[in-house]
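**Q** Mind having a look at this structure? Questions to follow.
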Amino acid sequence: MGLKYRRVLLKLSGEALMGDREYGIDPFFISELADEIKSVYEIGAEIAIVIGGGNIFRGVKGSSMGMDRATADYMGMLATVMNALALQDILEKKEVPTRVMSAIEMRQIAEPYIRRRAIRHLEKGRIVIFAAGTGSPFFTTDTTGALRAAEIKADVLLKATKVDGIYDKDPVKHPDAKLLKEITYLEAINKDLKVMDHTALTLCMENNLPIVVFNIKKKGNIMKILLGEPIGSIVR
């Protein structure tokens, strides 16, 4: 089975882990997600994952309530560590070797992030989950995803969403919104299509890293993308 993309960075939002809940982690959804990840792992894909923390705490929301932005962002980073540990636990219950690497040192529960060690884990057949964002406030987990993907020389960045791809306007508010199957980085930036934040898009553009935006709720989508099927939207 030939893979179009072998080394992959999967960017998951914290909200994705909520499933149909309003808060926290949906055990049923995270188990299904782990099954999807395991299926592509078993055909030889090298998988790294960046997870957000919005299902537990979102830094931007905290700062909008009057909290210091840096403090709020650090709290958001800690939320991503909780999500990373939850995903690691369920992957390892399914017998998939996994390492959590944190940009903020907390040696009792995660390895410190070291680029060369992360690449070695991938080469050894381990899934690597990057936690705690970049380790610095004022950066989103989208930017973390783009940065880590560039650092590990990923073939593609998979951006998981709740919709089928990139639309010319919000498909939730506008039923006539059109799905854009392929766009350039500059189009995504100039039209402010909310694919990822501009820092992340610029990083991907500078490193010629394709971004595939797809619906994580549709089973089998990750496998189809890696096998080269035209799922979702691609930015390149």
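Each value in this text was obtained by applying a stated rule to the coordinates, not by laboratory testing. Predicted, not measured: the structure shown is a model, and the values here were computed from it. With ideal geometry, Cβ positions are generated from the backbone for all residues, glycine too; neighbour counts draw on all protein chains shown.
**Q** Only one of (1) more than 19 Å from the chain's Cα centre (by Cα); (2) closer than 24 Å to Gly220 by Cα; (3) not hydrophobic (A, V, I, L, M, F, W, C) is not met by Arg126, so which one is it?
**A** (1)
**Q** Mind checking whether some residue in the stretch 180-193 is at positive phi, over 19 Å from the mean Cα position of the chain (by Cα) and either part of a helix (DSSP H, G or I) or free of Cβ contacts under 8 Å to residues at least 60 places away in the same chain (or both)?
**A** yes
**Q** Restricting attention to the stretch 194-236, report how many residues are β-branched (Val, Ile, Thr) and in a helix (DSSP H, G or I).
**A** 4
**Q** Applying the selection to the stretch 12-31, what residues are surrounded by 18 or more Cβ atoms within 10 Å (Cβ to Cβ) and either under 22 Å from Glu95 (Cα atoms) or aliphatic (A, V, I, L, M) (or both)?
**A** Once the filter is applied, which keeps residues that are surrounded by 18 or more Cβ atoms within 10 Å (Cβ to Cβ) and either under 22 Å from Glu95 (Cα atoms) or aliphatic (A, V, I, L, M) (or both), the stretch 12-31 yields Leu12, Ala16, Leu17, Met18, Ile25, Ile30.
**Q** Among the residues of the stretch 113-168, write down those that are at negative phi, buried (at least 17 other Cβ atoms within 10 Å of the Cβ), in a loop (DSSP other than H, G, I, E, B) and in contact (Cβ under 8 Å) with a residue 40 or more places away in the chain.
**A** Pro137, Phe139, Thr140, Ile152, Ala154, Asp155, Val163, Asp164
**Q** Also, I was wondering about something else. Residues that are under 16 Å from the mean Cα position of the chain (by Cα) and not basic (Lys, Arg): find the helices (runs of 4 or more DSSP H) completely inside the stretch 1-106 holding 1 or more of those.
**A** 27-41, 69-93
**Q** If you go through the stretch 185-202 one residue at a time, how many are among the aliphatic types (A, V, I, L, M) and surrounded by fewer than 21 Cβ atoms within 10 Å (Cβ to Cβ)?
**A** The number of residues fulfilling the criteria is 3.
Conditions (1) within 21 Å of Arg126 (Cα to Cα); (2) in contact (Cβ under 8 Å) with a residue 60 or more places away in the chain, marked per residue:
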| site | (1), (2) |
| --- | --- |
| Leu10 | yes, yes |
| Met18 | no, no |
| Gly24 | no, no |
| Phe28 | no, no |
| Gly54 | no, no |
| Glu95 | yes, no |
